[in-house]
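Just so it is clear, none of the values below were taken in a lab; they were calculated from the coordinates. Since this is a predicted model, take the numbers as computed values, not measurements. Backbone-built Cβ (ideal geometry, glycine too); neighbour counts: all protein chains shown.
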Amino acid sequence: MNESIERILRSGPDGGGVGESVSRFAAAAEAAGLVDVAYVRAGTPFGDVLMAGTSKGLVRIGFLHTSSEEELLREIAVSVSPRVLHAPGRLDEARRQLDEYFEGRRRTFELATDRRLIRGFAREVLAHTARIPYGSFLTYGEVAAEAGKPRAHRAAGTALARNPIPIVIPCHRVLRSGGVIGNYGGGPEMKARLLALEGARVASA
């Protein structure tokens, strides 16, 4: 273990209390290069989300009204790295851009993404999904066709349902045939409200 972190653990809470000790531990861990994944809890109009990032970029956005923080952190620890730490400063820019999106002041995200959790056919599906313009939408079949497998609309649906970076990779912009909302990881109501925020005209569910 890095010596500076070890000293903090041995010293325990001091005059600044537990919060200061935890902050010093986090800073020492970052300085020592012992943090592979930084995470923060962020507020949105739909409830809190957990945002996580690596040195390559944003790796996970999880809806905390459908999964617990513990479940999401366990998933990240298993799938990305066990060296996960609450480090809000690393995600300041991602939080700022997300706030601007929900306030209607941002149409495109300018964030690096770490797509290691996206594999196989899902990589093509989500790469094309990421290019769907603000306020527009495609159907599952259209996305499957753009990804090179026009008959694989079910597989495309599965890839979209497992999108680890929703909103930034806008899977809410993919609908059923006829423009019907369909399912969404954050729930169909959230999907409809995101599309309404962007001014997209869709059919009723």
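With a Förster radius of 35 Å, plug the Cβ-Cβ distance of GLU189 and THR158 into 1/(1 + (r/R0)^6) and report the FRET value to the nearest 0.05. So, using R0 = 35 Å, E works out to roughly 0.95. Share of pairwise Cα-Cα distances greater than 22 Å in segment 63-198 is 40 percent (whole percent). An oblate overall shape is assigned to segment 91-142, the ratio a/c of its alpha-carbon gyration tensor axes (a ≥ b ≥ c) being 1.5 or greater and a/b not exceeding b/c. Loop only by DSSP, 12 or fewer other Cβ within 10 Å of the Cβ. Give me the GluC sites (Glu not before Pro) in segment 26-126 that pass, ordered by residue number. When the GluC sites (Glu not before Pro) of segment 26-126 are filtered for loop state and at most 12 Cβ neighbours within 10 Å, GLU103, GLU110 remain.
3J(HN,Hα) along segment 35-44, derived from phi through the Karplus expression 6.51 cos²θ - 1.76 cosθ + 1.60 where θ = phi - 60°, amounts to 10, 8, 10, 9, 9, 8, 9, 10, x, 9 Hz, with x in place of Gly and Pro. Listed values for segment 134-140 are Karplus-derived 3J(HN,Hα) couplings in whole Hz (6.51 cos²θ - 1.76 cosθ + 1.60, θ = phi - 60°), namely 3, x, 10, 7, 10, 8, 4, and x replaces Gly and Pro.
Taking 0.36 nm per residue of separation and subtracting the Cα-Cα distance, full extension of the segment from ARG119 to LEU197 would add 25.1 nm.
Highest average first, the peptides 162-173, 36-47 ordered by how many other beta carbon atoms sit within 10 Å of their residues are 162-173, 36-47. Considering only the Cα atoms of segment 121-197, their convex hull presents on average a projected area of 4.3 nm².
Would you mind estimating how fast segment 35-102 diffuses translationally, via Stokes-Einstein at 20 °C and 1.002 mPa s with the Kirkwood radius over Cα pairs, in µm²/s? It diffuses with D of about 180 µm²/s by this estimate.
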